[in-house]
Amino acid sequence: MSIALILLLVSYFLILVFNYRYRKTFIDAFFFVMSPYVIIIFFNNAFMSYKGFYKISDHIIWLHLIAIFVFCLGTFLGEFFAKKYQFKILFRQYFLTDIKISSIKFIDIICIIIVMADILKRLKIFGIADFTSASEAVQRSIPAHISLLFVPLVVLLFDYFISTKDKTALVLVSISLLLIFSSFIKYHIIAALLSIYIYSVIRHPKIVKRLGVFTVGIIFAIFVLNYFLSFVARNVNVEAQFYFNHFWGYLVGGTANIEPASIYFNCNAKISISAWIYEMLTVFPGMLSQKLFGVTFTNYNFSTTVPTNNIGGGFYSNVVSILGGAYIQGGNISFFVFMFLWGALIQFIYIKGKKTKSIRNLTLASIFLAYNILSFFSSFFELSNPWETMILSFLIFPFLCIRISVRK
C-alpha cells in the first residue's frame with residue numbers, strides 16, 4: 001500500500017476514535033457519508049487491483065484525505081447549530097402516536113394493486129426482455145410516481161414490524177420492495193433499503209450491526225438478481241465472475257473516474273460548481289415547469305456529460321461521486337467550502353432527525369441521508385426522483401393519521 005493510502009486509513013480511524021470519545025458514538029454524518037469512500041479506495045487498491053481494476057492514484061487519495069478532514073470539521077458546525085438553535089417549524093409535526101397502522105397498510109395495499117396492474121400491462125405491451133431493460137419508454141407512467149410512496153410506507157411498516165413482530169407488516173414490506181425492484185433501476189431499491197436502515201438505526205440503535213450486515217447482503221443479492229433476470233430474459237449466459245466484477249465496478253466507478261473526468265472537463269468543457277448546486281436545487285421544480293410550461297431553470301447538467309472511461313476489470317464508468325464532482329467543477333477554495341458546508345448540512349440533518357419527536361421529520365431525514373450515502377457513486381440530487389420521493393413523503397402523512405376501521 002502507498003503512503004497516501006496508509007495515511008488515509010489512519011486518519012479515518014483517528015476521526016472515528018475522536019468522534020467516539022467526543023460524541024460517544026461512531027454513528028454520525030461522517031460515518032455514513034465518508035466511510036464508503038475510504039472503504040472503496042482501500043479495497044480497490046489493496047485487493048481489486050489484482051483482479052484487473054486500475055489503482056486509484058495517490059493524487060486522488062490525497063484529495064480524499066483532505067476532504068474527510070474538511071467534512072469532519074464541517075460536522076462540528078452542523079452539530080453546533082442543531083443543538084444550540086431551535087428553529088420554528090411552520091408545518092404540523094406528526095408523532096408516532098398520530099400514525100395509524102391500519103392507514104399505512106391500506107395505502108400500501110392500494111399502491112401495490114396500482115403498481116402491479118401497471119407492471120402486468122407493460123409486460124404485455126413490451127415483453128419481459130424490454131421490461132427488464134429499464135428503458136424510459138417502459139418506466140414512464142403515473143404508477144411509477146405512485147411507487148415512490150412505497151419508500152415512506154416501507155420505512156414505517158418495517159419500524160412497526162421491529163416493534164411488534166407483526167408478520168403482515170413484514171409481508172407488505174417485502175412485496176413493496178419487490179415492486180420497487182421491478183423498476184430494474186438499481187438506485188431505487190438501494191436507496192429504499194438504506195432509508196429503512198438509517199431510520200431503524202436511529203429509532204432502534206441496538207440493531208445497528210445486525211441490520212447493517214443484513215442490508216449489505218440484501219443489496220449485493222439485489223444487484224446480482226437485477227443482472228441475472230435481465231440476462232435470463234435475453235437468453236444470455238455469463239460467468240459468475242461477471243457479477244462480482246460488475247458489482248465492484250458499480251461501487252468504485254464514481255471514485256476511479258474522478259481523475260480522467262477531471263482531465264476531460266479541463267480540456268473540453270466549461271464547468272461551474274455554483275451552476276451545479278443550482279441545478280440540483282432546481283431539478284424538481286424545473287421538471288414540473290418543463291412539463292407544464294416548457295420552461296427550464298437551467299441547461300447545466302454535469303452528470304450526463306461525464307465521459308465514459310475504462311477503470312479496469314473490463315468495466316467502463318461514466319459517473320463521478322459528489323466529492324469528485326465538487327473537485328472537478330471548483331477550485332481548491334470552493335472545493336473546501338463545499339466539503340465543509342456539506343459536512344455541516346448532513347450532521348445538522350442527522351442530529352435533528354435523531355432528536356426530533358416528529359416521525360415525518362425522521363422519515364424525510366432518513367431518505368435524504370440515504371441518497372447522501374450513495375454520493376460515492378454519483379450525485380442523485382441531479383435527478384428529480386430523490387426530491388419527488390421526499391415531497392411525496394411529506395405530503396402523505398396527513399393521510400396516515402386517518403383511522404380506518406371495518407364495521408362488523
Residues satisfying the stated conditions in the stretch 178-195, i.e. farther than 14 Å from Ile112 by Cα and part of a helix (DSSP H, G or I): Lys186, Tyr187, His188, Ile189, Ile190, Ala191, Ala192, Leu193, Leu194, Ser195
Just need a number here: residues in the stretch 32-75 that are open to solvent by 40 Å² or more (accessible area, probe 1.4 Å), modelled with pLDDT of 95 or more and assigned to a helix (DSSP H, G or I). 9
Could you list, in sequence order, the residues of the stretch 270-279 that are open to solvent by 20 Å² or more (accessible area, probe 1.4 Å) and over 19 Å from Phe336 (Cβ atoms)? Lys270, Tyr278
Looking only at the stretch 131-155, count every residue that is outside any helix (DSSP H, G or I) and either within 19 Å of Leu229 (Cβ to Cβ) or modelled with pLDDT under 65 (or both) and tell me the total. 5
Which is open to solvent by 70 Å² or more (accessible area, probe 1.4 Å) and more than 28 Å from Asp130 (Cα to Cα), of Val216, Val232, Val201? Val216
Sole miss for Val295 among (1) open to solvent by 30 Å² or more (accessible area, probe 1.4 Å); (2) in a helix (DSSP H, G or I) is condition (2)
Residue hits (the stretch 335-344; farther than 13 Å from Phe76 by Cβ and either open to solvent by 50 Å² or more (accessible area, probe 1.4 Å) or free of Cβ contacts under 8 Å to residues at least 60 places away in the same chain (or both)) are Phe336, Val337
Only listed residue being free of Cβ contacts under 8 Å to residues at least 60 places away in the same chain and farther than 21 Å from Leu364 by Cβ, chosen from Ile180, Ile146, Ile207: Ile207
Return the total of residues in the stretch 335-348 being in contact with a Phe, Trp or Tyr (Cβ under 6 Å, 6 or more places away or on another chain) and under 16 Å from Phe32 (Cβ atoms). 3
Please verify whether the stretch 254-268 includes one or more residues that are part of a helix (DSSP H, G or I), touching a strand residue (DSSP E or B) at 6+ places or on another chain (Cβ under 7 Å) and open to solvent by 20 Å² or more (accessible area, probe 1.4 Å). yes
Does Gly353 satisfy being more than 20 Å from the chain's Cα centre (by Cα) and crowded, with 18+ Cβ neighbours inside 10 Å? no
Considering every residue within the stretch 5-12, establish whether at least one is crowded, with 17+ Cβ neighbours inside 10 Å and not aliphatic (A, V, I, L, M). yes
Within the stretch 373-387, can you find the residues that are outside any helix (DSSP H, G or I) and either open to solvent by less than 10 Å² (accessible area, probe 1.4 Å) or of a type in the set (Asp, Glu) (or both)? Ser379
Scanning the stretch 18-30 residue by residue, the ones that are part of a helix (DSSP H, G or I) and either over 26 Å from the mean Cα position of the chain (by Cα) or hydroxyl-bearing (Ser, Thr, Tyr) (or both) total 4
Expected single match for of a type outside the set (Phe, Trp, Tyr) and out of contact with any Ser or Thr (no Cβ under 8 Å at 6 or more places or on another chain) among Leu288, Leu229 is Leu288
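The values are calculated or read from the model by the stated rules, or taken from the named source; none is laboratory data. What you are looking at is a predicted structure, and each value in this text was computed from that prediction instead of being measured. Cβ: placed from backbone, ideal geometry, glycine included. Neighbour counts: every protein chain shown. In case anyone asks, the SASA skips ligands and DNA or RNA and just uses the protein heavy atoms, side chains included. Shrake-Rupley method; radii C 1.70, N 1.55, O 1.52, S 1.80 Å.
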